[in-house]
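Just below is one structure, and these are the notes that go with it.
The values are calculated or read from the model by the stated rules, or taken from the named source; none is laboratory data. Since we're looking at a predicted model, the values are computed, not measured. So basically every Cβ, Gly included, is an ideal-geometry build from the backbone, and we count neighbours across all protein chains shown. Note: accessible area is taken over every heavy atom of the protein model, side chains too, but ligands, DNA and RNA are not part of it. Shrake-Rupley method; radii C 1.70, N 1.55, O 1.52, S 1.80 Å.
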Amino acid sequence: MSDLTASQAAGSESRGRAFGRFLSRYGILISFLILFVILSFAHPNFLSTGNLTNVLRQVSINGILAIGMTFVILTGGIDLSVGSILAVAGVVAGSLVTGGDPSHPMVAILAAVAVGAAVGTINGTLIARFGVPAFVATLGMLSMARGATLLYSDGRPIPNLSPAFRWLGQGFIAGVPVPVIVFLLVFVVAWIVLRFTVYGRWVYAVGGNVKSARTSGIPTRSVVFSVYLLMGALAGLAGAILTARTTSALPQAGLGYELDAIAAVVIGGTSLTGGIGSVVYTLIGALIIGVISNGLDLMGVSSYYQQIIKGAIIVVAVLVDRSRNLNP
Amino acid sequence: MASTITRRALAALAGAGIAALAIGSAAAADKPRIAAVVQSLDTEFNVLWANAANSHPLVKDGTVTLTVLDGRMDALTQSNQFDTAISEKYDALIFVPVDINAGNDPVQRAKDAGVPVIGSNTLISNTDLYKSYISSNDVEAGKILAKSVFDKMGGKGNVVIVEGMIGQSAQVQRLEGIEATLKEYPDIKVIEQKTANWSRAEALSLVENWLTAHPDEIQGIIGENDEMAIGALEAVKGHGLDPKKIPIAGVDGVTDALLAVQRGEMMSTLQDADAQAQGAIDLALAAVQGESYQPKAKVWDVNGGKLAWEGGKSQHYSVPWVPVTGENVEALLAMRKTQ
């Protein structure tokens, strides 16, 4: 009798464990698919090509930030300054392509990436070389980069950007919006780097256990430094795209964007303590956020609910993440 | 030990800095000192306002000291700045409040301390607390805005309204104007209405989604400010629609809106930052120096403008809106370059 109960208990426990594993592996994907199906029924135009193109375009900027943020969070770090980096890179790019004699758009894009990378270098140096906690260093940078943006732009939008530059935000290649193409390229490269390169393994190793990573000869400081540099460069790229999309460089662009980027990573199940996660799930996390706000706009639901729902999903995602840790 | 010394040295330096500031302000004590608490120095209208205030003739030639404090879009920050300005014994304060209700209390505190407060641009709910205030009537703006869109639609069809940050006086009053106008146009139907928090990027996504939800059903778009109207305009263009066939209007007259009006793609109404800022400084100086003060801003009738000065004694001055048209847009853009 007691044997039976024990074996029953054991059976249900292993079933529970299997379910936990299943949930943590595919939970995000399943949630996304369920959401997708519900919205397809809820509004006739949700599945239209035009709308799906819109969703992808709306997701692309947060998506690019979230991919960089995945690298940062995989090392156990955080970058709160991405919204401000995006803004400062945006106004620098904008100032190069405004007026009667605009530079080539490529110059502006490279300048934006370079500005972002430069700010990222400062973050990386503070964190990797001087041991300032990432939260503090990037919180300081959030304020400094925003101040620099306002100084540079005199607190006003920079209008009249050249049509060639605006193509980066508004154009299409073979029916696909340019921001989406850039986003997907960034995604594919990031996926390959994390999955197939030595550097990718180092990023995971540093986040998993920094001491053993160091003992096994991984240049941990350089790896930590590099993820902030990469994050800065990607935020700069996102800044150029946003500027091209809004047709003016806006000094207040990117306010609060760090939260959406972190949310996409967390919803995607990447552990905030580092070492576990994937850009594939970050992509799904970013899509979930984008699809929710698109779907609720289509259905005419108040934006207040939108914020509640987004917040609730973040918490649920972390709960799922915890259940994975409890049921290894 | 070393760190204690460094810390002490830093503290001493900071102390010296504060003392120097105090001496600096004491030396200028004979000049009138005015502090302006504005909403936020990262929105174009507030920047134009602050630039206009700083180019008031008496501020420019150093007769009057003006300090502009950035409220960072936060009612509590503004409240703290009031306390600082009161204890720093400024002669008068100018206020562009973030929040219509939270703004009352700081003004009351200044009044109790004997510091006159002049309101400018946005309002507080209890305007009686102000010595005087100068603003443009946002209900009026909402009416102009709605009427321009409805008339261009031929008085019938579906509109969408992109709202400002809920609860701010500009949002509340512009909506009031829009709703009053709606009653006069029974064939106009509002099919969507939602906030985009004054932001161009938010309005862009929102209107894209609306255009998808209601294909070919949206015949007019109202933005409660220009930034959002421009976002809507980009969404319309991105959707492959002709903005000349879907009337879009905003308020404020920011540079991008002037450019869009020039291209014939939207309508806008200019909020006169020069008049509101420089007029407020004149009213503050009238409060400090009395009736003998001669105002300097161009908006006053005594200087050839449209607004009656009335010795600076009225409680409320209403700055007229300037509709942006094909005729005046070149001149407004030329003026903007000098602001």
**Request:** Whole number please: convex hull volume per residue, Cα atoms of chain B, in Å³.
**Result:** 165 Å³
**Request:** Using a 10 angstrom cutoff on alpha carbons, build the Gaussian network for chain A and name the most mobile of A:VAL206, A:VAL178, A:VAL198.
**Result:** A:VAL198
**Complete:** Accessible-area order for B:MET228, B:MET73, largest to smallest, probe 1.4 angstrom, reads B:MET73, B:MET228
**Message:** For chain B, what does the helix formula give at 222 nm: sum of -39500 (n - 2.57) over DSSP H segments with n ≥ 4, over the residue count, nearest 500 deg cm²/dmol?
**Reply:** -14500 deg cm²/dmol
**Message:** Taking the Cα centre as origin and putting +1 on Lys and Arg beta-carbons and -1 on Asp and Glu beta-carbons, what dipole magnitude results for the protein assembly as shown, to the nearest 20 debye?
**Reply:** 2420 debye
**Prompt:** Based on the Cβ-Cβ distance from B:ALA334 to A:ALA174, what FRET efficiency comes out when R0 is 45 Å, to the nearest 0.05?
**Reply:** 0.60
**Request:** Would you mind checking the radius of gyration and Dmax of the protein assembly as shown based on alpha-carbon positions, in Å?
**Result:** 27.7, 104
**Fill in**
Once A:PHE71, A:PHE41 are ranked on solvent-accessible area with the largest value leading and a 1.4 Å probe, the list reads A:PHE41, A:PHE71
**Prompt:** Where is the GNM fluctuation largest for chain A (alpha-carbon springs, 10 angstrom cutoff): A:GLY256, A:GLY116, A:GLY285?
**Reply:** A:GLY256
**Prompt:** Roughly what would the spin-label model give for B:LYS60 and A:ALA114, points 7 Å off Cα along C-beta, in nm?
**Reply:** 3.8 nm
**Message:** Suppose each label sits 7 Å from its Cα in the direction of the beta carbon; what would the A:ILE38-B:ASN158 distance come out to in nanometres?
**Reply:** 2.5 nm
**Message:** Charges at C-beta only: +1 for Lys and Arg, -1 for Asp and Glu. How large is the resulting dipole of the stretch B:138-270 about its Cα centre, in Debye rounded to 20?
**Reply:** 300 debye
**Fill in**
So, with points 7 Å from each Cα along the Cβ direction, the A:LEU29-A:ASN160 label distance in nm works out to 5.2 nm
**Prompt:** Rounded to a whole number of µm²/s, how large is the Stokes-Einstein D of the stretch B:138-270 at 37 °C and 0.692 mPa s, given Rh as the Kirkwood radius over C-alpha pairs?
**Reply:** 235 µm²/s
**Prompt:** Tell me, what is the percent relative contact order of chain B, built from C-alpha pairs under 8 Å that lie six or more residues apart?
**Reply:** 16 percent
**Prompt:** In percent, how large is the relative contact order of chain A, given Cα pairs closer than 8 Å and 6 or more residues apart?
**Reply:** 33 percent
**Request:** Please give the FRET efficiency for A:SER216 paired with A:LEU319, using the beta carbon to beta carbon distance and R0 = 30 Å, rounded to the nearest 0.05.
**Result:** 0.35
**Message:** If you average the alpha carbon positions of the stretch B:124-173 and of the stretch B:266-339, how far apart do those two centres end up, in angstrom?
**Reply:** 20 Å
**Rel. contact order, % - alpha carbon contacts under 8 angstrom, at least six apart, the stretch B:138-270** = 27 percent
**Request:** With no solvent and one equal point scatterer per Cα, compute the Debye intensity ratio I(q)/I(0) for the stretch B:252-339 at 0.14 Å⁻¹ and report its log10, rounded to two decimals.
**Result:** -0.56
**Asked** How many Cβ atoms of partner chains, on average, are near each residue of B:229-238 if near means within 10 Å of its Cβ?
**Response** 3
**Prompt:** What average count of beta carbons from other chains do you get within 10 Å of the Cβ of residues in B:189-201?
**Reply:** 3
**Fluctuation leader among A:GLY76, A:GLY131, A:GLY27 - chain A, Gaussian network, Cα springs under 10 angstrom** = A:GLY131
**Request:** Write down the accessible area per residue of the protein assembly as shown in Å², having rolled a 1.4 Å probe over the full set of protein chains.
**Result:** 43 Å²
**Asked** In whole Å, how far is the Cα centre of the stretch A:60-104 from that of the stretch B:53-90?
**Response** 33 Å
**Fill in**
Mean other chain Cβ within 10 Å across B:203-215 is 6
**Accessible surface, 1.4 Å probe, highest first, among residues B:SER268, A:SER95** = A:SER95, B:SER268
**Complete:** In terms of the alpha carbon gyration tensor, root eigenvalues a ≥ b ≥ c, rounded if a/c is under 1.5 and otherwise prolate when a/b exceeds b/c or oblate, chain A is oblate
**Message:** If I ignore ligands, DNA and RNA and count only protein heavy atoms, how much of B:ASP242 is accessible to a 1.4 Å probe, in Å² to the nearest 10?
**Reply:** 70 Å²
**Asked** Which value, in Å² and to the nearest 10, is the accessible area of B:LEU258 when all protein chains are kept and the probe is 1.4 Å?
**Response** 0 Å²
**Item:** Anchor B:LYS143: aspartates and glutamates whose Cα lies under 13 Å away (excluding residues fewer than 8 positions away in-chain)
**Value:** B:ASP151, B:GLU176, B:GLU179, B:GLU184, B:GLU224
**Fill in**
For the A:LEU184, B:GLN193 Cβ pair and Förster radius 35 Å, calculated FRET efficiency rounded to 0.05 is 0.50
**Request:** Give the Kirkwood hydrodynamic radius (Å, one decimal) of the stretch B:135-212, defined as one over the mean of 1/r across all pairs of different Cα atoms.
**Result:** 12.9 Å
**Message:** With a 1.4 Å probe and all protein chains kept in place, how much accessible area does A:LEU168 have, in Å² rounded to the nearest 10?
**Reply:** 20 Å²
